Structures are given as C-alpha cells and as structure tokens.
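What follows is a single structure, written as structure tokens, with notes after it.
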C-alpha cells in the first residue's frame, strides 16, 4: 500500500511541476496577436537570420524582437544568444534590448516571473553596453543588482 501512496505522490508532484512550467511559459500576447508558429519555429531554428533581416537594427527589429518574445517565451534564449554574439552590431544590440525591455514591461503586468527572467538574462550577459541599453530602455537603474546581491551603503547610510 505504501508503494501506491508513493506513486500517487509522485504523480501529484509531476502534475504540479507541469502546471508551474506551463504557467511560466505562457505567452504575454493573447493568441490572436501572437506571431504564427512558423515564424517562431524559423527564428528558433536560426536566430542569426534576424541579424541578416535587420542589419541596421532600428524600430523594425525592436518590433520583431518584442513580437517574438511576447508570442513565445521560449524564444528568449535565442534572443539572449544574439546579444552575446560578437557579430551583433551596437545598433542591433540596442534594438534587441529595446524589444526585450518592451516584453518585460508587458510581462510585468501578467507574468512577473517572465519579466524577471528577462531582466536576469540581460544582467547575466555581463556586458556593460547591454545592461546600460536595458537600463535606458526600461528606466531601471537597479538591474546590475539582479545578478549578485546589489550594492549600497552600510546600515548607517552614506557618510
């Protein structure tokens, strides 16, 4: 009988884990606004194609990044990889960061965990230019503190 209880507990734990995982990967956009699955699949298969499509960055790249991230949160690793890619120009980097900042602002309303995931991923890149661009796009001056327990003054405050 204890084997059955263990099996039931494991099944319940698996169901709970599946629920948590699916909640964290829900799209920010409603279904009617999401990009078609084919566009998302093409991006996931070849994220660098975005750099070739938008060689100068700009508002069109910002919009595409926003739409990718808000349509399918699993595009985030590919977008972050582009920010780490030395082939990404500064203009492209600013556009990608700008699009991710827009997704994070939208997600903050409906999926705070995803908004935090974006911010943590940006901070984890460790590139001061990327972090500065994100701060400029969001107005968030505390992103650097996301990674490793932020700075500040001692208990007595500044001298």
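Things worth noting here:
- Qualifying residue in the range 118-132 (condition: buried (at least 20 other Cβ atoms within 10 Å of the Cβ) and closer than 16 Å to residue 26 by Cβ): yes
- Inclusion of residue 17 among residues that are out of contact with any strand residue (DSSP E or B) (no Cβ under 8 Å at 6 or more places or on another chain), surrounded by 11 or more Cβ atoms within 10 Å (Cβ to Cβ) and modelled with pLDDT under 95 is not warranted.
- Across the range 24-36, the number of residues qualifying as part of a helix (DSSP H, G or I) and in contact with a helix residue (DSSP H, G or I) (Cβ under 9 Å, 6 or more places away or on another chain) comes to 2.
- Pairs where the first residue, in the range 90-112, is at negative phi and at pLDDT 95 or above and the second is assigned to a helix (DSSP H, G or I) and surrounded by fewer than 17 Cβ atoms within 10 Å (Cβ to Cβ), C-beta under 8 Å, 6+ apart: 90/129; 91/58; 93/129; 95/58; 95/59; 99/63
- Out of 55, 59, sole residue that is surrounded by fewer than 20 Cβ atoms within 10 Å (Cβ to Cβ), over 12 Å from the mean Cα position of the chain (by Cα), under 26 Å from residue 31 (Cβ atoms) and in contact (Cβ under 8 Å) with a residue 12 or more places away in the chain: 59
- Residue match in the range 77-84 (condition: part of a loop (DSSP other than H, G, I, E, B) and closer than 21 Å to residue 120 by Cβ): no
- Members of the range 29-38 that are within 18 Å of the chain's Cα centre (by Cα) and surrounded by 11 or more Cβ atoms within 10 Å (Cβ to Cβ): 29, 34, 35
The values are calculated or read from the model by the stated rules, or taken from the named source; none is laboratory data. Bear in mind the structure is a predicted one, so any value in this text is a computation, not a measurement. Positions of Cβ are backbone-derived with ideal geometry, glycine not excepted, and every protein chain shown enters the neighbour counts.
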